[in-house]
Amino acid sequence: MVLAVFVEFVKYREWTESLGKDREWFIQLTQSKVYQVIQSFVSSYGGIALPLRYDYQIILLPYDVGVREFNENLKKTLLNYSPTPINTLVACKRIKDLLKMDLNNENYRDDVSCLPEPLVVAHADLNDFTKRTRSLGIYRTYSEILNVIAHYVRELRDIAIVQYLGGDNIVSICDEDSMQEVLEVLGSVDSIKVGVGVSKIPRKAFMLAAEALDTIREKGKVSKYMVLYDQ
């Protein structure tokens with residue numbers, strides 16, 4: 001199970017429409033700043049924030065974080081940055097179950113208890129992407145990475161959260177018993193390497209995935225995957 005906090009920016013659409021017609025630059029500026037503040041705050045708890053659509057974001061936390069205090073501090077932290085009030089929906093579920101949550105049938109609460117179970121973070125990275133960008137162009141390679149993301153989202157929609165991290169980096173987050181299935185889908189794309197981190201602490205799982213990816217690079221990409229477990 002993973003301790004997840006869904007962050008809803010209340011009446012986000014109404015806020016954007018209140019800005020007038022010359023608004024998109026300001027929306028992008030605000031979204032980026034709010035995400036930066038959330039990510040910085042969450043990292044101090046050993047967690048990680050996934051921006052998703054920006055009007056709804058997911059925070060993954062270690063199982064033993066005190067949720068009530070976390071929510072109170074998050075709202076205080078965002079007071080001077082968020083353009084709207086926020087709601088937080090806390091859940092302790094397997095990733096598979098988080099993907100199927102019906103927000104209409106869930107209560108906003110902060111009294112959940114969570115069992116410690118490992119989280120799998122699979123960080124996929126395309127080989128020679130910088131070289132391809134120089135030869136094929138920025139937009140063409142950008143469209144290629146979007147196609148890869150679309151493929152992963154379509155194939156993994158029932159078992160993993162897929163998040164684009166920028167550049168040629170894509171992360172898939174799943175339960176430990178789904179890891180092999182996720183790796184098979186990630187590996188179905190040519191010229192890709194995948195670093196995998198497994199930990200009960202989300203930030204640590206991301207760190208281990210990055211370490212595994214760096215090791216694959218250092219060894220000359222002789223393997224497609226590497227899995228590192230938290231001790």
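The values are calculated or read from the model by the stated rules, or taken from the named source; none is laboratory data. Predicted model, so just to flag it, every value in this text is computed and none were measured. Quick reminder, even Gly has a Cβ in these numbers, built from the backbone with ideal geometry, and neighbours come from all protein chains shown.
Which one of the conditions (1) farther than 27 Å from residue 1 by Cα; (2) surrounded by 18 or more Cβ atoms within 10 Å (Cβ to Cβ) does residue 19 fail to meet, given that it meets all the rest?
Residue 19 satisfies all of (1) farther than 27 Å from residue 1 by Cα; (2) surrounded by 18 or more Cβ atoms within 10 Å (Cβ to Cβ) except (2).
Quick one: residue 159 ticks every box in (1) at positive phi; (2) within 15 Å of the chain's Cα centre (by Cα) except a single one, so which number is it?
Residue 159 satisfies all of (1) at positive phi; (2) within 15 Å of the chain's Cα centre (by Cα) except (1).
Cβ contacts < 9 Å: first residue aromatic (Phe, Trp, Tyr), restricted to segment 85-111; second residue surrounded by 13 or more Cβ atoms within 10 Å (Cβ to Cβ) and modelled with pLDDT of 90 or more, any location; separation 6+ or different chain. Result?
Between residues of segment 85-111 that are aromatic (Phe, Trp, Tyr) and residues that are surrounded by 13 or more Cβ atoms within 10 Å (Cβ to Cβ) and modelled with pLDDT of 90 or more, the close pairs are 108/8; 108/87; 108/88; 108/89; 108/90.
Of a type in the set (D, E, K, R) and either part of a helix (DSSP H, G or I) or at pLDDT 95 or above (or both), is that true of residue 111?
Working: of a type in the set (D, E, K, R): yes; either part of a helix (DSSP H, G or I) or at pLDDT 95 or above (or both): no.
For residue 111, the condition - of a type in the set (D, E, K, R) and either part of a helix (DSSP H, G or I) or at pLDDT 95 or above (or both) - is not met.
Could we say that residue 230 is under 23 Å from residue 117 (Cα atoms) and out of contact with any His (no Cβ under 7 Å at 6 or more places or on another chain) here?
yes
For segment 148-168, which residues satisfy the criterion of being modelled with pLDDT under 95 and in contact with a strand residue (DSSP E or B) (Cβ under 6 Å, 6 or more places away or on another chain)?
Residue satisfying the conditions is 168 alone.
Please determine whether any residue of segment 140-151 is among the basic types (Lys, Arg), farther than 19 Å from residue 46 by Cβ and in contact (Cβ under 8 Å) with a residue 12 or more places away in the chain.
Looking for residues that are among the basic types (Lys, Arg), farther than 19 Å from residue 46 by Cβ and in contact (Cβ under 8 Å) with a residue 12 or more places away in the chain, one finds none in segment 140-151, hence no.
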